[in-house]
Amino acid sequence: GMLSALADRQLSKVLNRIDTNLNGDLSVEKLAEVAMMSRSTFIQHFKNVLGLAPGEYVQNARISAAKKLILRDKPMSIICFDVGYEDASGFSRAFKKNTGMTPREWKKLNATAAEAEKNLVEENANVA
């Protein structure tokens, strides 16, 4: 899992590269180079430790970062570039594949939930 990956010197470098370069080159070849492994050894090692292919992990990291930016009301056109997609349609497809919703649908659902939670906290504070 994640703790094993962070304890693994080569994989912790790779995870740091992914987290700090979401809009950079995160190809399997580049990540294998960071890990100082051959492409095939890297893919196998990554899967063994994290249970996901490197590409899946990268996509999950990008979508996770995008969700945080969406809730901060950043424009979709900027978010898609910030998290490493070259265009909005590619970003939207990846987001939908990952979450089952378009970014706008996800935002509507989650912004409403976040707003309701905030209002509830404020109401409870006023009651106390």
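The values are calculated or read from the model by the stated rules, or taken from the named source; none is laboratory data. The shown structure was predicted, so the numbers you read here are calculated from the model rather than taken from an experiment. Glycine also receives a Cβ, built like all others from the backbone with ideal geometry; neighbour counts cover every protein chain displayed. Surface accessibility is based on the protein's heavy atoms, side chains included, excluding ligands, DNA and RNA. Shrake-Rupley method; radii C 1.70, N 1.55, O 1.52, S 1.80 Å.
Details
- A helix-only calculation puts the chain at -24500 deg cm²/dmol for mean residue ellipticity at 222 nm, using -39500 (n - 2.57) for each DSSP H run of at least four residues, averaged over all residues.
- Listed values for region 56-71 are Karplus-derived 3J(HN,Hα) couplings in whole Hz (6.51 cos²θ - 1.76 cosθ + 1.60, θ = phi - 60°), namely 5, 4, 4, 4, 4, 5, 5, 5, 4, 5, 4, 4, 5, 5, 4, 5, and x replaces Gly and Pro.
- Short to long, the 5 Å bins of the Cα pair-distance histogram for region 51-96 hold 5, 25, 34, 22, 9, 4, 1 percent of all pairs.
- For mean projected area of the Cα convex hull in nm², calculated from these coordinates, the label among (i) 8.6; (ii) 8.0; (iii) 9.6: (iii)
- Of the cross-linked pairs K30/K96; K67/K108; K67/K97; K30/K74; K68/K108, those separated by over 19 Å at the C-alpha level are K30/K96; K30/K74.
- Apportionment of accessible area to carbon and sulfur, region 1-120, percent (1.4 Å): 53 percent
- Once the 1.4 Å probe is applied to the protein heavy atoms, the chain comes out at 62 Å² accessible per residue.
- Dipole in debye (nearest 20) - region 26-98, about Cα centre, beta carbon charges: Lys, Arg +1; Asp, Glu -1: 280 debye
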